[in-house]
Amino acid sequence: MDKPMRRQDRKIAESEAIDILKKGEYGILSMCTTSNEGYGIPLNYAVADNAIYFHCAVEGTKLDYLRNNNKASFCVVGQTMVLPSKFGTIYESAIVSGIVTEIEGEEKQEALMLIIEKYSGDYIPEGKDYISRLNERVKVLKLSISSISGKARKA
């Protein structure tokens, strides 16, 4: 990230930010359109080896934008609780930035298994079958994390 966090008192350790990423249900991938406008899309994902993995169809808007500019950020919001009487919110969040690339072969299979394990852990055999049937109809993208920051307002 090119600017320091304004609220340093809410900054959390990198290890906590990684924990938020790992526990998150979904995240928002933010990119730049070919017209230099912002574009964000919610995604399921898995985290491993300083990278975020997600899958998509073999063609589409997201791929068009990433072919034009493969720099992206990814944001996950963890647990939240609105505090109406305090006009505030308890929250935790993590933001990463990096370069997105398509992966193939064994790395693609491993990333798809990470996603299956995260979202369908009770269905590993069925997940393996699902991956083998849909392998040619899906792309897997990897966001290599170059920076990470986390922020929280705790109780």
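Given the -39500 (n - 2.57) contribution per DSSP H run of 4+ residues, what per-residue ellipticity at 222 nm results for the chain, rounded to the nearest 500 deg cm²/dmol? Display every interim value, and only then the final one.
Numbers: 4 runs with 44 residues, N = 155.
Theoretical 222 nm ellipticity from helices: -8500 deg cm²/dmol.
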| remark: Treating only Lys and Arg (+1) and Asp and Glu (-1) as charged, each at its beta carbon, one finds that the chain has a dipole about its Cα centre, in Debye to the nearest 20, of 860
| said: Going by amide H atoms built from the backbone, whose H comes under 5 Å of the H on Gly78, apart from near neighbours? | reply: Glu92, Ser93, Ala94
| remark: In Å², rounded to a whole number, the accessible area per residue of segment 88-143 with probe 1.4 Å is 57
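Please give me the summed charge of the neighbours of Leu141: other residues whose Cβ is under 9 Å from its Cβ, Lys and Arg +1, Asp and Glu -1.
Neighbour charge sum, excluding Leu141 itself: +2.
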| request: Once you've got the Cα coordinates, tell me which of Lys23/Lys118; Lys62/Lys142; Lys118/Lys142 are over 19 Å apart. | output: none
| said: Once the convex hull of the alpha carbons of segment 71-155 is built, what does its volume come to per residue, in cubic angstrom? | reply: 134
| request: Please get the size of the charge dipole for segment 75-155, origin at its Cα centre, with Cβ charges of +1 on Lys and Arg and -1 on Asp and Glu, quoted in debye to the nearest 20. | output: 620
| query | What helices in the chain pass both tests, a Cα length along the helix axis of 20 Å or more and a mean Kyte hydropathy of -0.5 or higher, using whole DSSP H runs? | reply | 105-119
| note | Convex hull around the C-alpha positions of the chain: the volume in Å³ per residue is 135
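The values are calculated or read from the model by the stated rules, or taken from the named source; none is laboratory data. The structure displayed is predicted, hence computed values, not measured ones. When we count neighbours, we look across all protein chains shown, and the Cβ atoms used for this are built from the backbone with ideal geometry, even at glycine. Heavy atoms of the whole protein, side chains included, go into the accessibility calculation; ligands, DNA and RNA do not. Shrake-Rupley method; radii C 1.70, N 1.55, O 1.52, S 1.80 Å.
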